[in-house]
Amino acid sequence: MPFFLYSFFHRKTNERVEEGKIPIPENTAEWPESWKKIEYKEYRVFPPIKLPSTGGRLLDISRKRQVTGKELSRNTITLDALSYLVECGYGLQRDSEVPQRAEFRNVPSAGQRYPLELYVFLFRDIEGCPAGAYHYGIREHTFEPVMKTPFSPEDIESFTKQKVIKGANGMMCITGVFHRTVEKYGSRGYRYILLEAGHVAQNISLAGTERGIAIIPIGGSSEKMIEWSLGLNVRYEGIVYTLFF
């Protein structure tokens, strides 16, 4: 992806405060009322049709998905659980009986371009995996070490200023390798990349809920710090989503 496109879409917005990030007061009493109100849209031209009550495993999981920061410190993280999370999030459809689907992932992708990469930061040692950062090797279903290093509380805080992540065991980072999609779809490809990242994050969140693991998606992470830690070439690849567990 040309650097100017990446800069336009990912680094700058028309809002010039902190590169587009609005400073939000920690004291909720200082928030305007419009921030506190959830809006609903309704059509009343004709009488609405009442839908039947439903149930199902996925619906039950979805209703339990909401978590708070306090639950992060109660997580019991195992290598098996992490394996499940990353495979649900962006793994191959290994059980497919259709040969041409062998490279398909567990989420849809515009034009089968699969522009995303998944990285896992472990803030502490977990079952043979030392603290550090790992790239998810999709084809072989492996964790490929990027760096092995302990993380101090200050290091963890540098990834996002949000206090809700205190006590987290690690984080998952979804990056976009922008040229994979943009060279086919132009600037609209950036929208497709964000849509796909949302699919991956939702899969990971629901898989975590199924396994009893609290996961908090964070949009306001410190992308520059994470990208620097991973040694990414930000002309071509950048953070689009982070999830703390």
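Can you list the residues, at least 5 places off or on another chain, whose amide H is less than 5 Å from the amide H of residue 218, using H built in the peptide plane?
Hits under the 5 Å cutoff: 242, 243, 244.
With Cβ to Cβ distances under 12 Å as the rule, what net charge do the other residues near residue 134 carry (K, R +1; D, E -1)?
-1
Would you list, by chain and number, the lysines whose Cα falls below 22 Å from the Cα of residue 166, excluding same-chain residues fewer than 8 positions away?
Output for residue 166: 21, 64, 70, 148, 224.
May I ask you to give the solvent-accessible area per residue for segment 193-245, in square angstrom, as obtained with a 1.4 angstrom probe?
I get 38 Å² per residue for this part.
Please sort 48-58, 179-189 by packing, taking for each peptide the average over its residues of neighbouring beta carbons within 10 angstrom, highest first.
By packing density, highest mean first, the sequence is 179-189, 48-58.
Let me make sure I get this right: for segment 111-245, a, b and c are the square roots of the gyration tensor eigenvalues over alpha carbons, sorted descending. Under 1.5 in a/c it's rounded, otherwise prolate if a/b > b/c, else oblate. Which is it?
Because a/c hits 1.5 or more and a/b exceeds b/c, segment 111-245 counts as prolate.
Over the heavy atoms of residue 146, what accessible area does a 1.4 Å probe trace out, to the nearest 10 Å²?
Ignoring ligands and nucleic acids, residue 146 comes out at about 60 Å².
Return the aspartates and glutamates within reach of residue 41: Cα separation strictly under 19 angstrom, same-chain partners fewer than 8 residues apart disregarded; answer none if there are no such residues.
Residue 41 reaches 33.
Grab the DSSP H runs of the chain that are 4 residues or longer, score each as -39,500 (n - 2.57), total them, divide by all residues and round the 222 nm result to the nearest 500 deg cm²/dmol.
Rounded to the nearest 500, it is -8500 deg cm²/dmol.
Considering amide H positions built from the backbone, and no H for Pro or chain starts, which residues 5 or more places from residue 116, or on another chain, come under 5 Å of its amide H?
Under 5 Å from the amide H of residue 116 lie the amide H atoms of 177, each far enough along the sequence or on another chain.
Would you mind counting up the charge near residue 90? Only other residues with Cβ under 10 Å from its Cβ, with Lys and Arg at +1 and Asp and Glu at -1.
For residues surrounding residue 90, the net value is -2.
So how do 160, 142 rank on accessible area, 1.4 Å probe, biggest first, that is with the largest at the start?
Result of the area sort, largest leading: 142, 160.
For residue 159, what charge total do you get from the other residues with a beta carbon under 13 Å from its beta carbon, if Lys and Arg give +1 and Asp and Glu give -1?
-1
The values are calculated or read from the model by the stated rules, or taken from the named source; none is laboratory data. As the structure is a computational prediction, the values presented were derived from the model and not from experiment. Cβ sites come from the backbone with ideal geometry, for glycine too, and all protein chains shown count toward neighbours. SASA here: full protein model, heavy atoms, side chains in, ligands and nucleic acids out. Shrake-Rupley method; radii C 1.70, N 1.55, O 1.52, S 1.80 Å.
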